[in-house]
Amino acid sequence: GDWEVSQPVLGGDGRTFYFVCNREWPGDFEVCSVDRDGGAVREITGLDGVENFALSPDGSELLVRHSDSYLPPQLAALTVGGEGLTGLTDTRTPEFKARSWVQPEYVQVPSSHGAGTIWGKYYGPQTLEPGREYPIVLFVHGAGYLQNVSDRYPNYFREQMFHNLLVQDGYIVLDLDYRASEGYGRDWRTDIYRQMGHPELEDYLDGLAWLGEHKQGDVDRAGIYGGSYGGFMAFMALFREPGTFKAGAALRPVTDWSQYNHEYTSNILNTPELDPEAYAKSSPLEYADGLEDHLLIAHGMIDNNVFYKDSVMLAQKLIELRKDDWELASYPMERHGFVHPDSWYDEYRRIYELFEKTLK
């Protein structure tokens, strides 16, 4: 079928396999089972956001780790037959549970480039005001291959809270699982081979047009932001489609893939010696002359994943190109994932103020 299987475990009877699958739609994960000789696949759980599971020693029960958009991972138990679901934990505070969160709407954006459906999470007001056009923020998840559009607790839970703030202040937000994201099969994953940043940008342009057509989005007041791979994509959006996005924030971004982790990059672009064309096509440094709009670069100075020198190299390039309306915010005490609350606050204050200045 058009779905994925992960974490297969052979049951105590020696003939039933248990695994996580997403048969209903790509973001709905359940514990499923099938006989070793084939036959019908059965969904055992109905939790939507299963992350992983373990069989009991006697093979009669399942311990399941599950989550939801605003429910951090919790534990539950049930029989392998699917009966007797019992919740074992709830780690949320009363204050967290009492808050009214903006629930994401899971949407399907049609690709205009033959890629099928681009799944997304849309954040907006419960009721759109008639006749009003809303400024748009597009969020780009990191890692490239990560899946962020699902019924699970998002990797980017801080950004989800930021999206609540943006909606509260009059924006609409779209978070897409662009091509190369996990959870959609081999072809989706490999579509960026030798051309990182190109199919993904097509998907975001389709998402932008979809918001204008279906959600009263003002496509002339659009911003984009993300970290790591998302920062790389913010560069590609501003540099390769000047004028489309009025502002972008590139956080801990890759600017030249020849500088990045060999194991990750060589699977997609080969190596710079063998395939320099793929690296030139995929690196934002090659497109920096296209910058016309407002850009914020934010980077931890002791980042040990995407090195700070990536942002320094791009800053020097923008200086030589005599570009304006850009800034580099440096964080002396931060690595790739920030750990100091003051740094988180400063970074997202800058992003928020950038959007307020350019999109309102």
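General remarks:
- Residue in region 251-267 that is of a type outside the set (Ser, Thr, Tyr), more than 30 Å from LEU211 (Cα to Cα), at pLDDT 95 or above and not in a helix (DSSP H, G or I) present: yes
- Single condition LEU285 does not satisfy, out of (1) closer than 15 Å to GLY230 by Cα; (2) touching a helix residue (DSSP H, G or I) at 6+ places or on another chain (Cβ under 8 Å): (1)
- Flag for VAL109 being within 22 Å of ARG186 (Cα to Cα) and part of a strand (DSSP E or B): yes
- Test: residue in region 262-279 that is on the phi > 0 side of the Ramachandran plot and under 23 Å from the mean Cα position of the chain (by Cα): no
- Every residue from region 116-131 that is surrounded by 19 or more Cβ atoms within 10 Å (Cβ to Cβ) and not β-branched (Val, Ile, Thr): TRP119, GLY120, LYS121, TYR122, TYR123, GLY124
- Residue that is surrounded by the most Cβ atoms within 10 Å (Cβ to Cβ), among those in region 251-292 that are without any contact (Cβ under 8 Å) to a residue 60 or more places away in the chain and of a type in the set (A, V, I, L, M, F, W, C): VAL254
- Taking the listed residues LEU78, LEU146, the one that is among the aliphatic types (A, V, I, L, M) and over 22 Å from MET233 (Cβ atoms) is LEU78, with no other qualifying.
- Annotation note: of LEU314, LEU295, the sole residue that is outside any loop (DSSP other than H, G, I, E, B), in contact with a strand residue (DSSP E or B) (Cβ under 6 Å, 6 or more places away or on another chain) and closer than 23 Å to HIS198 by Cα is LEU295.
- Looking across region 317-360, the residues that are out of contact with any strand residue (DSSP E or B) (no Cβ under 7 Å at 6 or more places or on another chain), closer than 19 Å to VAL167 by Cα and not basic (Lys, Arg) come down to TYR345, TYR348, TYR352, GLU353, GLU356.
- No other residue among GLN103, GLN74 is of a type outside the set (Val, Ile, Thr), touching a strand residue (DSSP E or B) at 6+ places or on another chain (Cβ under 9 Å) and outside any loop (DSSP other than H, G, I, E, B) apart from GLN74.
- Listed by first and then second residue, the pairs with beta-carbon distance under 6 Å, at least 6 apart or on different chains, first residue in region 158-181 and touching a residue at least 40 places away in the same chain (Cβ under 8 Å), second of a type in the set (Ser, Thr, Tyr) and part of a helix (DSSP H, G or I), are PHE162/TYR348.
- Taken as a whole, the structure places ARG158 among residues that are surrounded by fewer than 24 Cβ atoms within 10 Å (Cβ to Cβ), among the basic types (Lys, Arg) and under 20 Å from ARG99 (Cα atoms).
- Unmet criterion (only one of (1) surrounded by fewer than 18 Cβ atoms within 10 Å (Cβ to Cβ); (2) assigned by TED's automatic domain parsing to the domain that holds TYR122; (3) in contact with a strand residue (DSSP E or B) (Cβ under 6 Å, 6 or more places away or on another chain)) for PRO110: (3)
The values are calculated or read from the model by the stated rules, or taken from the named source; none is laboratory data. These numbers were taken from a predicted model, which means no experiment stands behind them. Glycine gets a Cβ as well: all are built from the backbone with ideal geometry, and neighbour counts include every protein chain shown.
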